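Laboratory data are not the source of any read-out in this text; all were calculated from the coordinates shown. The structure displayed is predicted, hence computed values, not measured ones. Glycine gets a Cβ as well: all are built from the backbone with ideal geometry, and neighbour counts include every protein chain shown.
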Amino acid sequence: MKISAFLSTENIISNLEAEDKEDCIKEVAKLLHTNGVVSNYQALVEALFERESLGTTGIGKNVAIPHAKIKEIDKLVTAFARSKSGIDFDSQDGKPVHFIFLLIAPVNSGSLHLKALARISKLMQKEDMKERLMSVGSVSELYEVLNQEDNQTL
């Protein structure tokens, strides 16, 4: 499974404005709503916060993967956001989050949802790639770095 199968450039934020976890989730969810991926913004945010209440999706090493399953969509979709200043996301390692993958899946997606989470997690273990993500400027450059690394990661 390649990230390019569920991430597109229009769902990338190169310079996240949010300064905390709640606003981060809302800002990235708003992007998916604005881009027509979901029509019910409030339901998406509620599903994401409900999942977050079970335990943080700040997986450590400056990465968070907030995720939820919702009825409204019929395919796996993600948005990616970069916060240059970092966000307190209650991460497992206590470090600020700079890279956010917001993943939404259909309610009946089963293992596809888990495979996507695992793929993102594996990709984001690469420290040199994260340095490159911090150094580029545009959405297209962020997408290119993610795609290049994704194609090299087995």
Global geometry of segment 50-128, whether rounded, prolate or oblate, following the gyration tensor of its Cα atoms and the 1.5 cut on a/c: prolate
Shape call, the chain: gyration tensor on alpha carbons, a/c limit 1.5: rounded
Lysine pair count for segment 34-154 [Cα-Cα under 14 Å; pairs on different chains or 8 or more apart]: 9
Sites residue 15 and residue 121, calculated FRET efficiency, Cβ-Cβ separation with R0 35 Å, nearest 0.05: 0.90
Added length on full extension, which subtracts the Cα-Cα distance from 0.36 nm per residue, residue 138 to residue 41: 32.3 nm
Fluctuation leader among 131, 27, 141 - the chain, Gaussian network, Cα springs under 10 angstrom: 131
Whichever lysines have a C-alpha closer than 16 Å to that of residue 30, once near sequence neighbours (fewer than 8 apart) are set aside: 21
Cα lying deepest toward the dipole's positive end in the chain, options 92, 65, 5, charges on Cβ: 5
Bins of 5 Å, starting at 0 and running to the largest distance - Cα pair percent for segment 1-41: 5, 22, 26, 23, 18, 5, 0
Antiparallel DSSP beta bridges within the chain, as percent of all bridges there, nearest 5: 50
